[in-house]
1. What number goes with the only condition from (1) open to solvent by 40 Å² or more (accessible area, probe 1.4 Å); (2) within 19 Å of the chain's Cα centre (by Cα); (3) free of Cβ contacts under 8 Å to residues at least 24 places away in the same chain that Thr227 does not pass?
2. Filter the range 22-53 for residues that are modelled with pLDDT under 75 and in a helix (DSSP H, G or I); which is nearest to Ala112 (Cα to Cα)?
3. Among the numbered criteria (1) open to solvent by 70 Å² or more (accessible area, probe 1.4 Å); (2) under 25 Å from Val97 (Cβ atoms), which single criterion is violated by His166?
4. Which ones in the range 90-110 are of a type outside the set (Lys, Arg) and within 14 Å of Ile22 (Cα to Cα)?
5. Can you find, within the range 14-35, the residue that is farthest from the chain's Cα centre (by Cα) among those that are surrounded by 15 or more Cβ atoms within 10 Å (Cβ to Cβ) and under 18 Å from Pro53 (Cβ atoms)?
6. How do the helices (runs of 4 or more DSSP H) wholly within the range 186-245 filter down when requiring 1 or more residues that are within 18 Å of Ile121 (Cα to Cα): which remain?
7. Identify the residue in the range 169-200 that is more than 24 Å from Leu240 (Cα to Cα), open to solvent by 20 Å² or more (accessible area, probe 1.4 Å) and β-branched (Val, Ile, Thr) and, among all such residues, is modelled with the lowest pLDDT.
Amino acid sequence: MRLGPAALNAQTLHPVEIAGQIAALDLVSGGRAYLGLVTGAWLDQLGLHEDRPLTRLREAVAIVQRLLSGDRSGFSGARFRLAPGAGLNYEPFRPRVPLMIGTWRRRTARFAAEVADELKIGGCANPDMVRLMRTWLGDADVRIVVGAVTVVDEDAAAAHACAEQHVRMYLEVVAQLDPTIELRPGQEAPLEKFVLAGTPEDVTAQAQALLEAGAARVEFGTPQGITTASGVDLLADRVLPLFRR
């Protein structure tokens with residue numbers, strides 16, 4: 001089992017803190033950690049504004065990689081500085097942990113193609129977006145991950161109603177990020193593009209479509225079901241077995 005944050009951002013957490021925390025997690029887990037990084041959302045609610053988010057992300061990745069590898073040469077960038085000689089006070093378990101970059105955007109995807117093991121499209125259940133992201137990544141050996149609010153239940157209508165309630169706070173952001181969907185002013189985003197919801201067979205079909213579009217992994221996000229316990233049971237007993245056929 002892999003362990004890691006999906007995801008942190010260097011606006012609210014300094015790259016040195018990120019490096020130290022992921023190194024500690026990797027150490028205590030015996031080398032099973034991964035690191036997810038994003039530029040962040042809703043940061044204006046914290047009074048944080050960034051006109052060059054990709055620059056900050058790029059520099060954060062560089063600092064984390066240097067610290068994990070034992071590089072004490074320092075760093076001087078537009079957003080962050082690290083004095084020569086600065087480094088972690090203990091030996092990391094590994095000189096590098098797998099990196100996942102979360103994004104919906106072309107330029108960040110191109111950056112992920114240079115440095116990441118995985119790219120996550122958070123809040124996406126749209127096969128068209130997966131196919132588009134694959135073209136943005138080009139020939140890079142970067143796995144695409146999708147994750148979305150998931151509600152699986154024997155009652156499909158109840159599952160969709162529950163999913164709609166839980167995804168509402170995310171839609172204001174992600175619905176505007178998907179370039180494969182054109183929304184007229186006042187038009188509601190199509191729910192099925194942003195949630196995995198319905199009966200076990202429905203959710204299996206949705207996940208299968210994402211995998212066939214090019215996703216390497218599908219993450220079934222909270223709440224999983226009308227209750228988490230019921231949803232996890234259905235995912236384990238009714239959804240996952242269908243993929244093993």
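The values are calculated or read from the model by the stated rules, or taken from the named source; none is laboratory data. Being a predicted model, the structure only gives us computed values, none of them experimental. Cβ coordinates were reconstructed from backbone atoms using ideal geometry, including for glycine residues, and neighbour counts include every protein chain displayed. Note: areas computed on protein heavy atoms with side chains; ligands, DNA, RNA excluded. Shrake-Rupley method; radii C 1.70, N 1.55, O 1.52, S 1.80 Å.
1. Against the list (1) open to solvent by 40 Å² or more (accessible area, probe 1.4 Å); (2) within 19 Å of the chain's Cα centre (by Cα); (3) free of Cβ contacts under 8 Å to residues at least 24 places away in the same chain, Thr227 comes up short only on (2).
2. Leu43
3. Looking at each condition in turn, His166 falls short on (2).
4. Across the range 90-110, the qualifying residues are Tyr90, Glu91, Pro92, Phe93, Pro95, Val97, Pro98, Leu99, Met100.
5. The extreme case among them is Pro15.
6. Where helices (runs of 4 or more DSSP H) fall fully within the range 186-245 and carry at least 1 residues being within 18 Å of Ile121 (Cα to Cα), they are 200-213.
7. Val173
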